[in-house]
There are 2 protein chains.
Amino acid sequence: MNKIVLAQIDTIAGDIEYNSKKILDCIKRAKNENADLIIFPELALMGYPFGDIFVRHQSIIKRQLSALDKITEQTNNITALVGFVEPTLDVNKKPFYNSVAVIQNGKIIRKIRKRLLPNYCEFNDYRYFEPFDEVSEIFEINGEKYGVIVCEDSFNDKSFFKEKSIYKIDPVEEIMKQQPDTLINCSCSPSRTGKEYFKNSLFSSIAKKYNVNYIYVNQAGYADNLCFDGTSRIYNKTGNLVLRAKSFEEDFVITDNFIGKVNELPVFMEKEIDFKKFDTKYTNDLARTYHSIIFGIKEYFRKNGFTKAVLGLSGGLDSTICAVLLADALGKDNVWGISMPSRITSDASKNDAKVLAKNLGIHFFEVPLAPALDSFKNMFNYAFEQVQTEKFAKSTTIENLQARTRATILWSVSNEHKQMLPIATSDKSEAYIGYATVNGDMSGGFAPIADVTKTKLFALGAFLNEYRTQKNVIPQSVLEKPPGAELKINPKTGKTVCAEEENMPYEFLDEIIWYVENFGYGFDDLIMHQFYYETKNKITREIKEEWINKFYWKSKCAIYKWHILPPSVIVDAHSINSVEYHQPIISKVY
Amino acid sequence: MNKIVLAQIDTIAGDIEYNSKKILDCIKRAKNENADLIIFPELALMGYPFGDIFVRHQSIIKRQLSALDKITEQTNNITALVGFVEPTLDVNKKPFYNSVAVIQNGKIIRKIRKRLLPNYCEFNDYRYFEPFDEVSEIFEINGEKYGVIVCEDSFNDKSFFKEKSIYKIDPVEEIMKQQPDTLINCSCSPSRTGKEYFKNSLFSSIAKKYNVNYIYVNQAGYADNLCFDGTSRIYNKTGNLVLRAKSFEEDFVITDNFIGKVNELPVFMEKEIDFKKFDTKYTNDLARTYHSIIFGIKEYFRKNGFTKAVLGLSGGLDSTICAVLLADALGKDNVWGISMPSRITSDASKNDAKVLAKNLGIHFFEVPLAPALDSFKNMFNYAFEQVQTEKFAKSTTIENLQARTRATILWSVSNEHKQMLPIATSDKSEAYIGYATVNGDMSGGFAPIADVTKTKLFALGAFLNEYRTQKNVIPQSVLEKPPGAELKINPKTGKTVCAEEENMPYEFLDEIIWYVENFGYGFDDLIMHQFYYETKNKITREIKEEWINKFYWKSKCAIYKWHILPPSVIVDAHSINSVEYHQPIISKVY
């Protein structure tokens, strides 16, 4: 049997030097270990995702092909599978293939070309690549026969997908006619809710169906809001998982005879998600959500040369969860939490912020907002005499001013530290309905929880208090109080206005989001739908209609904000992140 | 001969009610005029551009088809060509065609389906649509024969494009075998530098080549950063232009026997652009640039329910040009210019701002920044003791604080006026190298000149002083002084630092942008290239390398800013607007 290396690396799009150095280092190490075959992820040499970079900057292709030549020279006594962008050199075709070079003893012996080119959600393969219309030829190493497919090529098994099959051909079925002993899938597959269960079922069923060893090598990394979890693996001919690389980090796994360690997944990650049911506990998806975001933060900071983060700590849920995630990703010494109370901030909130910072061991201090707010108000009193104005009475001017002043402080603190980024703490539920301030809590160099809904954040908070080595860092009061931005007082109650008063119950809102994203529900479907919230609370048809209408109306006004969201991590099965979903600001969906 | 209407309408994606009302109104009017045929732009019923809206919100398709039924009922005694999204109803195909319904006397007699699906730059047709693989059948009205093609279907004439032809088939060649008298092209084609010359040459050559009347109906409108100029037209069988609708506004043109008015284009718009030569005068493109932006502002504000704009007036070029554009688009009474001087703002700048506002007749007042800046500085003195800090010495904290405080004032003023948007005044040259402040001059509800380079802005300023009815509104000093943000003092000279000192000459920078965008130049090409700037100024090879390197380095750091740019109007042949060009923040192009 051959000795095989699964080189689960991360890459940077267009950074041919970075990628090829990593590939060469892995090949060297594999040769030292007397490996016969080393497998890299899809497009390892170009890096992925790449947007439009090599369409506009054509010299990248040239540099990439030179680098491939240098890699080819280093393949004496080993076979390497290296993903790259291959020019088609055919004026009647698109300019490139998405290819894997099979390099053996200093020669490229095969160019395997991707056949199924996904063009939905975050994928845009067809924009760049020509689909290859022939079956790839298998190759041998020491008498063992290997077939290679590229990512999506494995995702059209007719017996698995049934009527949901979206392509005409099944590249696996076609290549299996050549009876390879082992089928290798070079991939770049981002982590999303429910995807691990799906991939595991599919790959295992293919291995069993064709009685073939199935090797899956996935990128581990983060770019462009996408988190690639790695979790490369091998199934044997009976469809049993016999080896699994680490998740959410790079790995270099050597195997003889397909025997290896089956690394643990984040707890519950392999479980099936019941999309038909909206679950406020999100039980199966919390550890994966946590690890996706941590990995995303780490990689975003590292690859952009940042090491430190500063965020506002309000004592509320969003900033609390962000602080925990940042401390775990960057180390507690690299996180600054600033409490920036205004005159209406409650003592309880101030205390929650302080306790959290102490529990986490992050830097903490307080900057009261009053001096800046007072200066601005004086300036406004002058400025607003020049224009017809509501003079703050019914407007959101002063509410927004608080959020913007806080962001100005955070950006200034980050300015003073060359490797520091300010953090945008707004969440997915609020992003959907635009309940976040432009240049305020929406603003930052990174937005860790922009694809996590409020109910999921509550579940995540409780989960983290249990799951992390250090227990209960999040004060119980943070997980119990109703969310609210503490930006204004309700004159009737004398208390700060909570978010659900202004909008709708988060449980209801998040269930709308769930069914819109996962099932394309429209207004009529939502009205007919029995909400989980309704099973516990009696609401009239009028209220229900009002909330659903509010969702559509507020989302419409929020699209502008979706367009200027800071970089984040796509976590859920679907999102409003523009990498996946694009909606023009001038448009109407209901 | 039949009486024909070119219905050059604007549409809103997914707003089926808005679009169908407009279509029905036009049909009614056409019937009142005894027209035989009315032609709408591509996808008129769905609206264009639509992003992913009907993929996620599936009920839109249902509503669109009901609306098509209602339109169909209103076609007694007339033929209407209505673009719509047509379900393929075939599991082996993508779910939709990009279609035109030929509706006659209450029946859809043909469904013309788009065959060439562009998937480059701002186009994403292939993401949504199945390419139709058969030739469309022509139809008759009173014995006259008509063929219909959809937009890109007209863009693969082998004799015109020669080796640049990117598709295998030419739908025009195929449909012309049926010998229609008239070929109709339903389009949604955005205005870009050089496009009018290109379209005119192509359409005219097709009319002549096939001895066919050629009718082109284009959308007039703005959405998603794209400006559709309308400019629908008819060429007769000898390729002569015999009718042209208005540009940059809706139009309803009736013609008998292909006779009609040839409306004037914005001056020079029909001229060829010499892309091979970088031209700091941009002579041919200034009127088109001006009208694109004006139309974009008008439509963006109208469709989103805004009527007023507020911007900071620094006395510099960017804010000056923005003020003129806004006054022309929204009316002078709807524009507020605020001068927000800090202690280092020169009297000359303050005066230029005042003179401009007076010339334009817009609202104007001054809010000195000092009170807010002082409060922030005091707060920072406290805050920065808590962290290791450079205490403003070498940092950009105080520079950025000025820009952010100004933006906070603008957003607050807009908060106090329900239909007012704050304006981001940063330009394309500065966007490229990130020379604009996050939450500062980069921030706003709309960015009118984000796709206009600095040299083009100088040319545009001079042009506007001549071109507008009211001459010389822009003070000559604004067009003569070197650009600079007036955010800091150079300790050596005691004067505020000008932008070219910090970066490189704008003429040089803009020429880099020109060759990168239009020819995909890389570092090596740029080094070899003889810059226009070099013909007038002696620079060493070291300086040239330094500037080119600076371009790449600063662009890399600026990608984050590209991702959070406010809505704008794409003007040039190419841009960094994410609707056209996408580059992940983690990536490298040199």
Query - Label point distance in nm, residue A:267-residue B:197, each placed 7 Å from Cα along Cα→Cβ - result: 6.7
Query raised in the report: In whole angstrom, and with the biggest value first, how far do the Cα coordinates of the range B:283-498 range along each principal axis?
Result: 55, 40, 30
**Report entry** Table column - 3J(HN,Hα) (Hz), the range B:61-78, Karplus curve with 6.51, -1.76, 1.60, x for Gly and Pro
**Finding:** 4, 4, 4, 5, 5, 4, 5, 5, 4, 5, 5, 4, 4, 9, 10, 5, 6, 8
Query raised in the report: Rounded to the nearest 20 Debye, what is the dipole magnitude of the range B:3-256 about its Cα centre when Lys and Arg each give +1 and Asp and Glu each give -1 at the C-beta?
Result: 200
Query - Qualifying trypsin sites (Lys or Arg not before Pro) for the range B:146-212 [loop in DSSP, other Cβ within 10 Å: at most 14] - result: B:168, B:177
Query raised in the report: Going through the range B:512-590, which trypsin sites (Lys or Arg not before Pro) have at most 12 other Cβ atoms within 10 Å and a DSSP loop state?
Result: B:538
Query raised in the report: Around residue B:306, with a cut-off of 12 angstrom between Cβ atoms, what is the net charge of the other residues, counting Lys and Arg +1 and Asp and Glu -1?
Result: +4
Query raised in the report: Taking R0 as 60 Å, what's the FRET efficiency between residue B:538 and residue A:540 from their Cβ-Cβ distance, rounded to 0.05?
Result: 0.15
Report task. Neighbouring Cβ atoms within 10 Å as the yardstick, rank A:52, B:510, A:441 fewest first. Result -> A:52, B:510, A:441
Report summary line: One decimal, nm, nearest first: from residue A:257 to the same residue in each other copy, label points 7 Å out along Cα→Cβ, the values are 9.3
**Report entry** Cross-link table B:454/B:481; A:428/A:554; A:28/A:62; A:298/A:354; B:177/B:208; A:111/A:246, entries beyond 18 Å C-alpha to C-alpha
**Finding:** A:28/A:62; A:298/A:354; A:111/A:246
Report task. Give, rounded to the nearest 20 debye, the magnitude of the charge dipole that the protein assembly as shown has about its Cα centre when Lys and Arg contribute +1 at Cβ and Asp and Glu contribute -1 at Cβ. Result -> 760
Report summary line: Sparse-neighbourhood loop hits (chymotrypsin sites (Phe, Trp or Tyr not before Pro), the range A:102-196; DSSP loop; Cβ within 10 Å at most 15 others) -> A:120
Query raised in the report: So what J values fall out for the range A:170-187 if you push phi through Karplus, 6.51 cos²θ - 1.76 cosθ + 1.60 with θ = phi - 60°, rounded to Hz, Gly and Pro as x?
Result: 10, x, 5, 4, 5, 6, 5, 5, 7, 6, x, 6, 9, 10, 10, 10, 8, 10
Query raised in the report: How many angstrom separate the Cα center of the range B:421-461 from the Cα center of the range B:468-542?
Result: 15
**Report entry** Interchain or long-range residues, amide H under 5 Å from residue B:96's placed H
**Finding:** B:88, B:130
Query raised in the report: Could you give the angle, 0 to 90 degrees to the nearest 10, between helix B:541-563's Cα long axis and the longest principal axis of the Cα atoms of chain B?
Result: 70
**Report entry** Positive dipole terminus of the protein assembly as shown, leading residue within A:151, B:320, A:227 (C-beta point charges)
**Finding:** B:320
Requested in this report: Would you work out the relative contact order for the range A:3-256, in percent, from Cα pairs under 8 angstrom that are 6 or more residues apart?
Outcome: 19
Query raised in the report: Where both residues lie in the range A:1-118, what percent of DSSP beta bridges are antiparallel, nearest 5?
Result: 70
Query raised in the report: Rounded to the nearest 0.05, what FRET efficiency do residue B:468 and residue B:366 have when you use their Cβ-Cβ distance and R0 = 25 Å?
Result: 0.45
Requested in this report: Would you work out if the protein assembly as shown is rounded, prolate or oblate? Take a ≥ b ≥ c from the square roots of the eigenvalues of the alpha-carbon gyration tensor; rounded if a/c is under 1.5, else prolate when a/b is larger than b/c, oblate otherwise.
Outcome: rounded
Requested in this report: With unit charges on the beta carbon (Lys/Arg positive, Asp/Glu negative), name the residue among B:477, A:543, A:61 whose Cα is farthest towards the positive pole of the charge dipole of the protein assembly as shown.
Outcome: B:477
Query raised in the report: If each residue's Cβ is checked for other Cβ atoms within 10 Å, how do B:382, A:435, B:581 rank with the fewest at the top?
Result: B:382, B:581, A:435
Query raised in the report: Rounded, prolate or oblate: which fits the range A:115-168 when a ≥ b ≥ c are the square roots of the eigenvalues of the alpha-carbon gyration tensor, with rounded for a/c under 1.5 and prolate only if a/b beats b/c?
Result: oblate
Requested in this report: Sort A:285, B:133 so that the residue with the fewest other Cβ atoms within 10 Å of its own Cβ comes first and the one with the most comes last.
Outcome: B:133, A:285
Query raised in the report: Rounded to the nearest 5, what % of the DSSP beta bridges within the protein assembly as shown are antiparallel ones?
Result: 55
Report summary line: Applying the gyration tensor rule to the Cα atoms of the range A:3-256 (axes a ≥ b ≥ c; rounded if a/c under 1.5, else prolate if a/b exceeds b/c, else oblate), the class is rounded
Query raised in the report: Taking the DSSP beta bridges in the range B:283-498 as the whole, what percent of them are antiparallel, to the nearest 5?
Result: 10
Requested in this report: Please list the non-local residues whose amide H lies under 5 Å from the amide H of residue B:364, H modeled 1.01 Å from N, same-chain partners needing a gap of 5 or more.
Outcome: B:337
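Every read-out reported here was derived from the displayed coordinates using simple, explicitly stated rules and does not represent laboratory data. Fair warning: this is a prediction, and the values are worked out from it, not measured in the lab. All Cβ positions, even for glycine, are placed from backbone atoms using ideal geometry, and neighbour counts span all protein chains on display.
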